[in-house]
Amino acid sequence: MTVRVGIMGYGTIGKRIADAIMKMDDMELIGVIKQTPDYESEVAISKGIRLYTYEDRINKFEKAGIRVAGTVNDLIKNIDVIIDATPDGVGAENRVKIYEPVGLRAIFQGGEEADVAEVSFNALANYDMAIGKRFIRVVSCNTTALSRLISAFLVHGYKIRRVRAYLVRRGADPREFKKGPINDVVFNPATVPSHHGPDVQTVLPTIDIVTMAVAVPTTMMHLHMVNIEFDGQVSKGEVAKVLEETPRILLFNSSSRKFESLAQIIEWARDMGRLRGDVMENAIIEDSITVFQNELFLMQGVHQESIVVPENIDAVRAMFKLASKWDSIRKTDLGLNLMTTGKNYNLA
């Protein structure tokens, strides 16, 4: 079966998902819905992507010299699922106004509340819970990174007592020139916990997790400082082994390979020829891995623009029962040219 996919929105996340869909042999990108005729519309067309828009906006595209393939209704008649990559809250409105009336399946992003979907999704954590569901929510970049990290140990059989995570969030994406801060550290929020911990619990409900967050004036990546307490003692060596063989997790060494900042990780991705310099994996700072008896401390970088892209692909496969968990994860990773050497795709 080849799943016909449409995408609502072609911003930071939408355009990356579109590129990813076109690399999969069991999915076909039918088209993308945009509201504004702009340079991104021209980029999409240059890639052979068909554009659709609302009926009352067709004239705007025509005046801008940008040809659209049809209306929103034209697209949804010819797709099996829509991936909604619209701003926070818009997806929930779209579900009620557009998707449900025509019986269209949908995948939402982490900016939506959890009740927008039947399941909040992370491939490593709860792939099987999403099999056959009509509405799936792929959790946010920070929740994805935390869920992957925690699941790396769970699928290796470790029992976790609690997780405490401190998030230094980027102030804005590189393209968001109207956002900040530009010279401040913003409490995000000042209260404890931040929303990230409860959001992890929508994926891993039994995990005891508390998070705190601030936002800082950078666009590079988020940085997490994580403390995990296990049921029994662990060693630095076994922690490193778990992380090295878990898909979608990479280790960056500061002392031997001179990775000393998040900017250097992005630069590595660019030098490796990755489209847009994307790092879709958790970027673990290897030197930060420290163990005291049953407690683990580490830092990880989170590329907010791209880390959720593989999960959207896996969500499609789970929804349509195209593949088992590890078969899907492996197929996605190979299709996106992620690091697969040394990774174990036969875990629990």
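Across the chain, C-alpha contacts under 8 Å between residues 6 or more apart give a mean separation that, scaled by the residue count, equals a relative contact order of 17 percent.
Applying the Karplus relation 6.51 cos²θ - 1.76 cosθ + 1.60 with θ = phi - 60° to region 127-133 yields 3J(HN,Hα) values of 3, 5, 5, 9, 4, x, 6 Hz, where x marks Gly and Pro.
Amide H contacts of Ile83: Gly6, Ile7, Met8, Ile107, each under 5 Å away and 5 or more positions distant or on a separate chain (H built 1.01 Å from N in the peptide plane; Pro and chain starts excluded). Length available on full extension from Glu267 to Val186: 0.36 nm per residue minus the Cα-Cα distance, which gives 26.5 nm. Which residue, chosen from Val279, Val239, Leu167, occupies the Cα position most advanced towards the positive end of the dipole of the chain, where the dipole is computed from +1 (Lys, Arg) and -1 (Asp, Glu) charges on Cβ about the Cα centre? Most positive-ward Cα: Val279. Here the chain is treated as a Stokes sphere of Kirkwood radius computed over C-alpha pairs; at 10 °C and 1.306 mPa s its diffusion coefficient rounds to 77 µm²/s. Inter-label distance, Glu245 to Ile58: 5.7 nm, where each label sits 7 Å from its Cα along the C-beta direction.
Based on Cβ point charges of +1 for Lys and Arg and -1 for Asp and Glu, what charge dipole magnitude is obtained for the chain about its Cα centre, in debye rounded to the nearest 20?
Working: 42 positive and 44 negative charges, 85 e Å.
Computed charge dipole of the chain: roughly 420 debye.
Read-outs: derived from the displayed coordinates by stated rules, not from any lab. Everything numeric here is computed off the predicted structure, so don't read it as measured data. When we count neighbours, we look across all protein chains shown, and the Cβ atoms used for this are built from the backbone with ideal geometry, even at glycine.
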